[in-house]
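Heads up: the structure comes next, in structure tokens.
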Amino acid sequence: MSMISFRSAAFAALLAALPLTAQAAAERVEPPALAWSFSGPFGTFDRAQLQRGYKVYKEVCAGCHAASLLRFRNLSQPGGPEFTAGQVTALAATYQIADGPNDAGEMFERPGRAADAFPSPFPNEQAARAANGGAYPP
């Protein structure tokens, strides 16, 4: 097939498809407008929903995805899940954080504190890349 006939066939196919796209656009149904609690400058998020979101992250997502730029204390900030200080302390304590070195020069693990960052599920960047097919961060 010559280049000219190929171009004319492609152009004809394009012209044939135009009425179909115009017809589909005419039959398009717009979704209804919804009122969201977080809409506008004074909107707020549902605190219970945000707390459930943290629970989903911890139980499902944290096994593969790091949140190492966040600190446990961020969970108590306004506009977020707004856990109480006691809840944040208890949540942080469920994690083991690598710390050290101690007096003997060895690294050790301790319960998490509110000021600690969320630990990465991987020991280093290379392990994260290997587990995620070369993509980092996970």
Residue among A104, A33, A90 that is surrounded by 10 or more Cβ atoms within 10 Å (Cβ to Cβ) and modelled with pLDDT of 85 or more: A90
Hits in region 68-87 - residues which are closer than 19 Å to P111 by Cα, in contact with a Ser or Thr (Cβ under 9 Å, 6 or more places away or on another chain) and modelled with pLDDT under 95: S68
Residue that is farthest from L70 (Cα to Cα), among those in region 90-138 that are assigned to a helix (DSSP H, G or I) and of a type in the set (D, E, K, R): R129
Scope region 59-89; condition among the aliphatic types (A, V, I, L, M), part of a helix (DSSP H, G or I) and touching a Phe, Trp or Tyr at 6+ places or on another chain (Cβ under 6 Å); matching residues: L75, V88
Scope region 82-138; condition more than 21 Å from the chain's Cα centre (by Cα) and on the phi > 0 side of the Ramachandran plot; matching residues: G100, G105
Members of region 115-129 that are over 18 Å from K55 (Cβ atoms) and surrounded by 12 or more Cβ atoms within 10 Å (Cβ to Cβ): D116, A117, S120, F122, A127, A128, R129
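The values are calculated or read from the model by the stated rules, or taken from the named source; none is laboratory data. The structure presented is a predicted model; accordingly, all values stated were derived computationally and were not measured. Neighbour counts are summed over all protein chains in view; Cβ atoms, including those assigned to glycine, are modelled from backbone coordinates with ideal geometry.
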